[in-house]
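Working notes for the structure below.
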Amino acid sequence: MNPAVLAGAFLLLLTATAGAATGADPGLTPTTIVLGGTVPLSGEAAAFGSVGSGARAYFAYVNAKGGVNGRKIDYRYLDDGYDPAQTVQLTRQLVEQDKVFAVFNSVGTNNNLAIRPYLSAQKVPQLFVGDGSDALAQPRKYPGTMGLLPSYRGEGAVYGRTIAKTRPKAKIAVLFENNDLGKDMTRGLSRAIAGKGPRVVASEPYEYTDPDVSSQIATLKASGADTLVLFATPKFMIQAVVAAHKLAWKPSTVVIASVSIEPGIMSIARVNAPEITKGALSIAFLKNPNDPVWAKDAARALYLQILKKHAPGAKPSDVYNWYGMTAAWTMVETLKRAGRNLTRAGLVKAAQKLDLRKNPFLLPGVTIRTTPTNYFPIANIYLYRYDNKEWVRASPLQPAR
């Protein structure tokens with residue numbers, strides 16, 4: 001071949017290759033996908049931080065098996081201390097410096113709401129984040145933002161229906177975090193009991209920056225309520241049951257939001273106030289690797305295998321590690337469905353059309369389903385009761401939305 005023609009062909013190939021690389025979305029190479037997010041490794045909600053290590057361990061397991069459609073996942077998570085201002089700063093760092101393809105698994109209602117406008121403007125997907133609020137699930141305005149937790153309002157409704165059925169004359173006192181988590185759960189509870197007998201006789205908010213909720217619990221006890229509902233994150237749930245114990249308040253029914261039922265957290269609450277925690281109600285959608293019922297379950301064996309190899313310092317008893325793997329499994333399946341010609345827009349479209357029934361980390365029958373107008377992936381849940389040792393299933397499958 002004429003050397004000039006050969007040189008021209010080589011130059012054309014280089015130009016085409018450069019054009020393909022330039023046209024690719026940030027965070028993608030032929031062999032890698034960069035994901036990023038923020039989790040609280042420190043601060044008031046540090047208990048949630050292990051969702052990051054659990055997810056990263058699962059991605060490492062997938063990478064060792066060849067990755068997703070030929071690409072390996074590079075997952076980076078940063079400590080925001082559960083402070084939305086830090087979440088914004090660190091998310092900008094992930095997008096502008098780390099060039100992440102998508103934000104994944106960031107934790108917290110206010111935190112995710114704080115970064116949503118920026119990520120939407122940058123066209124960066126914000127997927128399977130740790131939130132279940134109505135405010136976050138706005139597919140028409142923010143199609144790139146999707147949580148993974150069950151609907152907070154739906155969770156509140158499950159408790160409301162249960163109380164209305166079992167205790168139609170209940171007088172309910174609610175402690176709630178003063179954000180969309182607490183407000184949505186309270187709204188769901190109130191709507192579910194409306195006109196059915198039970199009534200909310202007192203409700204007290206708290207800020208996640210508050211040092212203590214003892215005064216709120218004293219006010220709730222003074223209302224004469226016989227049912228205590230704790231729509232609170234772990235630190236404040238523990239404070240609440242300890243305060244009730246010190247006041248010798250023994251509600252007939254106690255409800256604990258599902259974000260605070262991790263076994264290690266419950267053991268602290270139980271040791272300090274066993275009469276409050278015994279018989280407490282909550283909802284669940286994950287298997288609990290600490291529960292003997294799953295001792296021979298294949299998912300538990302896989303979980304332990306992954307942690308041992310890819311996160312040897314992680315605590316297997318920490319269910320937030322398990323949740324992190326649940327989220328990572330969901331992300332992997334979504335990336336697979338987005339195909340080899342991966343784009344940010346294609347990833348969002350794949351996330352909008354999920355019908356996943358085989359997530360091994362979910363309880364039997366719990367499915368992940370989405371549509372372009374339904375952004376609450378967890379479709380159903382179970383009611384559980386705490387016997388001061390384990391959470392025991394107390395209902396058949398119920399709708400989670």
Seminar exercise, completed: Picked from the stretch 381-401 (must be of a type in the set (A, V, I, L, M) and open to solvent by less than 20 Å² (accessible area, probe 1.4 Å)), the residue farthest from the chain's Cα centre (by Cα) is L383
Exercise. Within the stretch 277-294, can you find the residues that are open to solvent by 20 Å² or more (accessible area, probe 1.4 Å) and more than 23 Å from L397 (Cβ to Cβ)?
Worked result: K278
Exercise. What are the residues in the stretch 279-297 that are touching a helix residue (DSSP H, G or I) at 6+ places or on another chain (Cβ under 9 Å) and part of a helix (DSSP H, G or I), if any?
Worked result: W294
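Give L220, L181 a once-over and let me know the one that is under 28 Å from L397 (Cβ atoms) and touching an Asp or Glu at 6+ places or on another chain (Cβ under 9 Å).
Being under 28 Å from L397 (Cβ atoms) and touching an Asp or Glu at 6+ places or on another chain (Cβ under 9 Å) holds for just one of L220, L181, which is L181.
So which of A299, A273, A328 is touching a residue at least 24 places away in the same chain (Cβ under 8 Å), in contact with a His (Cβ under 6 Å, 6 or more places away or on another chain) and open to solvent by less than 20 Å² (accessible area, probe 1.4 Å)? Don't jump to the end; show me each part of the working.
On the way: A299 fails: in contact with a His (Cβ under 6 Å, 6 or more places away or on another chain); A328 fails: in contact with a His (Cβ under 6 Å, 6 or more places away or on another chain).
So the residue among A299, A273, A328 that is touching a residue at least 24 places away in the same chain (Cβ under 8 Å), in contact with a His (Cβ under 6 Å, 6 or more places away or on another chain) and open to solvent by less than 20 Å² (accessible area, probe 1.4 Å) is A273.
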Problem set entry | Given (1) assigned to a loop (DSSP other than H, G, I, E, B); (2) over 26 Å from P396 (Cα atoms); (3) in contact (Cβ under 8 Å) with a residue 24 or more places away in the chain, number of the condition P312 does not satisfy | (3)
Problem set entry | Pairs with Cβ under 6 Å, 6+ apart, first in the stretch 101-117 and of a type in the set (D, E, K, R), second open to solvent by 20 Å² or more (accessible area, probe 1.4 Å) | R116/Y142
For this session: Give just the number: which of (1) open to solvent by less than 30 Å² (accessible area, probe 1.4 Å); (2) in contact with a Pro (Cβ under 7 Å, 6 or more places away or on another chain) does I115 not satisfy?
Result: (2)
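Please verify whether the stretch 365-377 includes one or more residues that are under 18 Å from V124 (Cα atoms) and assigned to a helix (DSSP H, G or I).
So the first thing to find is which residues in the stretch 365-377 are under 18 Å from V124 (Cα atoms), and the list is 372, 375.
Next cut, assigned to a helix (DSSP H, G or I) only: none.
Taking every residue of the stretch 365-377 in turn, none turns out to be under 18 Å from V124 (Cα atoms) and assigned to a helix (DSSP H, G or I).
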Exercise. Would you say L189 is over 22 Å from A55 (Cβ atoms), in contact with a Leu (Cβ under 6 Å, 6 or more places away or on another chain) and buried (at least 18 other Cβ atoms within 10 Å of the Cβ)?
Worked result: no
Problem set entry | Matching residues, the stretch 31-62, being closer than 15 Å to T330 by Cα and part of a helix (DSSP H, G or I) | V51, G52, G54, A55, R56, A57, Y58, F59, A60, Y61, V62
Exercise. Would you say T209 is over 30 Å from R369 (Cβ atoms), open to solvent by 20 Å² or more (accessible area, probe 1.4 Å) and touching a residue at least 40 places away in the same chain (Cβ under 8 Å)?
Worked result: yes
Exercise. Is the stretch 171-181 home to any residue that is within 27 Å of the chain's Cα centre (by Cα), open to solvent by 60 Å² or more (accessible area, probe 1.4 Å) and more than 19 Å from Q239 (Cα to Cα)?
Worked result: no
For this session: Just give me the residues in the stretch 348-374 being closer than 16 Å to G147 by Cβ and touching a helix residue (DSSP H, G or I) at 6+ places or on another chain (Cβ under 9 Å), in sequence order.
Result: V348, A351, L354, L356, N359, L362, I368, T370, P372
For this session: Could you tell me which residue of the stretch 346-364 is most open to solvent (accessible area, probe 1.4 Å), considering only residues that are closer than 20 Å to A299 by Cα and outside any loop (DSSP other than H, G, I, E, B)?
Result: D355
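Being farther than 14 Å from W391 by Cα, charged (D, E, K, R) and either out of contact with any Asp or Glu (no Cβ under 6 Å at 6 or more places or on another chain) or modelled with pLDDT of 95 or more (or both) is true for just one of K296, K278. Which residue is that?
Working: K278 fails: farther than 14 Å from W391 by Cα.
When all the criteria are applied, what remains is K296.
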Exercise. Going by the structure shown, is Y159 assigned to a loop (DSSP other than H, G, I, E, B) and of a type in the set (F, W, Y)?
Worked result: no
Seminar exercise, completed: Condition set out of contact with any Ser or Thr (no Cβ under 9 Å at 6 or more places or on another chain) and assigned to a loop (DSSP other than H, G, I, E, B), scope the stretch 193-206, selection most open to solvent (accessible area, probe 1.4 Å): answer is K196
For this session: Output yes when any residue across the stretch 86-99 is open to solvent by 30 Å² or more (accessible area, probe 1.4 Å), within 17 Å of S42 (Cα to Cα) and touching a Phe, Trp or Tyr at 6+ places or on another chain (Cβ under 8 Å), and no when none is.
Result: yes
Exercise. Which of the residues that make up the stretch 136-173 are small (G, A, S) and out of contact with any Lys or Arg (no Cβ under 9 Å at 6 or more places or on another chain)?
Worked result: A137, G147
For this session: Collect the residues in the stretch 259-269 that are crowded, with 21+ Cβ neighbours inside 10 Å and in contact (Cβ under 8 Å) with a residue 40 or more places away in the chain, keeping them in residue-number order.
Result: V259, I261, E262, I265, M266
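The values are calculated or read from the model by the stated rules, or taken from the named source; none is laboratory data. Being a predicted model, the structure only gives us computed values, none of them experimental. Don't worry about glycine lacking a Cβ; one is built from the backbone with ideal geometry, like all the others, and counts go over all protein chains shown. Note: areas computed on protein heavy atoms with side chains; ligands, DNA, RNA excluded. Shrake-Rupley method; radii C 1.70, N 1.55, O 1.52, S 1.80 Å.
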